[in-house]
Amino acid sequence: MLGLLVACSSEEAARPDAGTVAADARGAQAATSLPEAFDKELAPTLLTDLDPAPDVVEVELEARVADVELTPGQRVSAWTYNGVLPGPLLRAREGDLVRVHFTNRLPEATTIHWHGLEVPADQDGAGHHGTVIEPGASFSYAFRVPHAGTYWYHPHVNSASQVWHGLYGPLVVEARSEPDLGDEVTLVLSDLNSANGQVSPSAEQGDLGRFFGHEGSRLLVNGRELPTLRAHPGSTLRLRVINAAISRFFRFAIDGHTLERVAGDSGFSERPQRVNDWVLAPGERSEFVVTLAGAAGETLHVRTLTYNRFMCGGDCGEAHDLMQIALEAGTGRTAQVPAELASIVPIDIRGAATRTLELGEQTRDGKTYLSLNGRVHGQDTLEFDAAVGATEVWELKNTTEYDHPFHLHGFRFQVLEQGGRAPAIREWTDTLDMVAKTTARIAVRYDDRPGAWMFHCHILDHADLGMMGVLHVAKP
Ligand code: C2O
Ligand code: CU
């Protein structure tokens, strides 16, 4: 009891450096619930909060080339935030003001885009629609984080290349009160190739490689190959999973276990959904709760299963091991997922205008591009105009024979139907995999954040091939 009290008061004192707090609280319970080495092999680095105010999180990020260890003893020179891969975890609470002092020490210009966060347009880091940070320059981002959930950050200049080389990091926004869903682990999934101690291109180069979408043969969980998490049998884990790969889809599964999927891109779903596995397209997030079955001494395999997005570089969506969970003797802490997780009011689409968006191919002068409504970004970019306060229904249609994860900046949306079916469970989304040859309808409301917002395929190679547009939201 005393230990708990100490943990609580240190939690107050240490606020808002939530990361440290989580570690402290965990430390206080270690004797009864967690193996000592629990997530030592794979815990992301935590950002230190420099502002003592309880509702302000102030951090420093520096993009620089640094050596990272993907496998013990084997170093690769990558592009990093703060010298680590993935970039450090930024943790805040719903409603907090986040300030990020960013310095670019890379040899080329960059930005930071806060994927999925509803920030003001001039803080969105959307490449040339915002402030581009030249080599040696600094920029301070400031925004409030309105919604709890699992997010991430990455550059939006030359993004296929910059993300491939290692620029991505997790961002977690906690609710003011979170249900106990077990011991939390954030898993950033990505891939790359390396040769001679450097990040190297994937096999298929040029435009063909871009069509396939570059995939790496080294699969990483929090920047490590096949790391091990250590847990007690019977313990419950809350996994926050982020697909930060530029093209690879992950079909996440834990052998012999069902997962309770509790959250999508932007916070809890209405209700948990029991699944055997779940596909995360590039840019997507999901949260899973799992209670570990098995006996001490057993090892559970966390895998990505076969998923065919049709055109692929690398290995055409084969199954791979991602990490393992080593079960160690002891009693785990078990948590129950509540039957209701969030109340999500459906977006009222009465009177909403409809917009159509076709994700397709365009051939021009013998060269094939990827397009939105026949327009190619960088040539005759598709531009939409919308009014602050408006609600719209977007009818998306993928006329190609391969998947495109559609991402809209700035405004999370609700899926009304996909492939003619309403989703089983309502949730907030910012990235929706448009499966080959399918349609979907989504509803979105533009709140009072005017500006230019990008939308694009999150296979970042496809965005480079033209599948990107701009939504201008203006005061009526
Ligand atoms: Cu995560 Cu415009 O992207
Ligand atoms: Cu695409």
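The values are calculated or read from the model by the stated rules, or taken from the named source; none is laboratory data. A quick note: this is a predicted structure, and the numbers were derived from the prediction, not measured. Quick reminder, even Gly has a Cβ in these numbers, built from the backbone with ideal geometry, and neighbours come from all protein chains shown. For accessibility, only protein heavy atoms count, side chains too; no ligands or nucleic acids. Shrake-Rupley method; radii C 1.70, N 1.55, O 1.52, S 1.80 Å.
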field: Charged-residue dipole, Cβ positions (Lys, Arg, Asp, Glu), segment 67-119 about Cα centre, Debye nearest 20
entry: 120 debye
Dipole-positive endmost among F310, G216, L471 within the chain (Cβ charges, Cα centre): F310
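About the Cα centre, and with charges only on the beta carbon of Lys, Arg (+1) and Asp, Glu (-1), how big is the dipole of the chain? Nearest 20 debye, please.
Numbers: 40 positive and 64 negative charges, 110 e Å.
Using only the charged Cβ atoms, the result is roughly 520 debye.
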- request: Could you tell me whether segment 259-309 comes out rounded, prolate or oblate from its Cα gyration tensor? Rule is a ≥ b ≥ c as square roots of the eigenvalues, rounded for a/c under 1.5, then prolate if a/b exceeds b/c, otherwise oblate.
  value: oblate
query: Relative contact order, percent, of the chain when contacts are C-alpha pairs under 8 Å separated by at least 6 residues?
result: 14 percent
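How much area per residue is accessible in segment 192-243 when the probe is 1.4 Å and only protein heavy atoms are counted (Å²)? Before the final figure, lay out the partial values.
Values: 1710 Å² over 52 residues.
Result: 33 Å² per residue.
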query: Using heavy-atom solvent-accessible surface (probe 1.4 Å) with all chains present, what is the largest-first order of D183, D365, D348?
result: D365, D348, D183
message: If you count only protein heavy atoms and use a 1.4 Å probe, how large is the accessible surface of K437, to the nearest 10 Å²?
response: 120 Å²
field: Accessible surface of H154 - all protein chains present, 1.4 Å probe, nearest 10 Å²
entry: 0 Å²
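Full extension from E395 to R350: what is 0.36 nm times the residue separation minus their Cα-Cα distance, to one decimal in nm? Could you put the intermediate results ahead of the total?
Numbers: separation 45, 0.36 × 45 = 16.20 nm, distance 1.54 nm.
Length difference between fully extended and current span is 14.7 nm.
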field: Per residue value of the accessible surface for segment 36-82 (all protein chains in place, 1.4 Å probe), Å²
entry: 50 Å²
message: Could you report segment 325-476's accessible area per residue, 1.4 Å probe, as an integer in Å²?
response: 42 Å²
message: Just want the answer: with Cβ charges of +1 for Lys and Arg and -1 for Asp and Glu, which residue in A424, A175, I246 is farthest toward the dipole's positive end in the chain?
response: A424
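Shape of the chain from its Cα gyration tensor (a ≥ b ≥ c, root eigenvalues): rounded if a/c is under 1.5, otherwise prolate when a/b > b/c, or oblate? Intermediate results must be reported in sequence, preceding the final value.
Values: a/c = 1.40, a/b = 1.33, b/c = 1.05.
In terms of gyration-tensor shape, rounded.
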statement: A chain fully extended from L305 to D380 at 0.36 nm per residue, minus the present Cα-Cα distance, gains in nm 23.2 nm
message: If the only charges are +1 at each Lys and Arg Cβ and -1 at each Asp and Glu Cβ, what is the size of the charge dipole of segment 318-400 around the Cα centre, to the nearest 20 debye?
response: 100 debye
- request: Starting from the Cα of A329, step 7 Å along the direction of its Cβ; do the same at Q205; then give the gap between the two resulting points in nm.
  value: 5.6 nm
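Say a site is exposed when it is one of the GluC sites (Glu not before Pro), sits in a DSSP loop, and has at most 12 other Cβ atoms within 10 Å; what is then the longest site-free stretch of the chain?
On the way: sites that count: E36, E318, E340, E401.
The answer is 37-317.
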task: Go through segment 100-108 residue by residue and turn each phi into a ³J(HN,Hα) via Karplus (6.51, -1.76, 1.60, θ = phi - 60°); whole Hz please, and just put x for glycine and proline.
output: 10, 8, 10, 10, 9, 10, 8, x, 9
message: Could you work out the relative contact order of segment 370-444? I mean the mean sequence separation of Cα pairs under 8 Å and 6+ apart, divided by the number of residues, in percent.
response: 38 percent
field: Surface accessible to a 1.4 Å probe, T304 within the full protein complex, Å²
entry: 0 Å²
- prompt: How much of the accessible area of the chain, probe 1.4 Å, is carbon plus sulfur, in whole percent?
  reply: 50 percent
Between helix 2-14 and the chain: long-axis angle, C-alpha atoms, 0 to 90°, nearest 10: 30 degrees
field: Antiparallel bridge percentage (DSSP; both residues within the chain; nearest 5)
entry: 70 percent
- request: Could you work out how far apart the two model spin labels at R364 and D180 are, taking each label as a point 7 Å from the Cα in the direction of the beta carbon, and quote it in nm?
  value: 5.9 nm
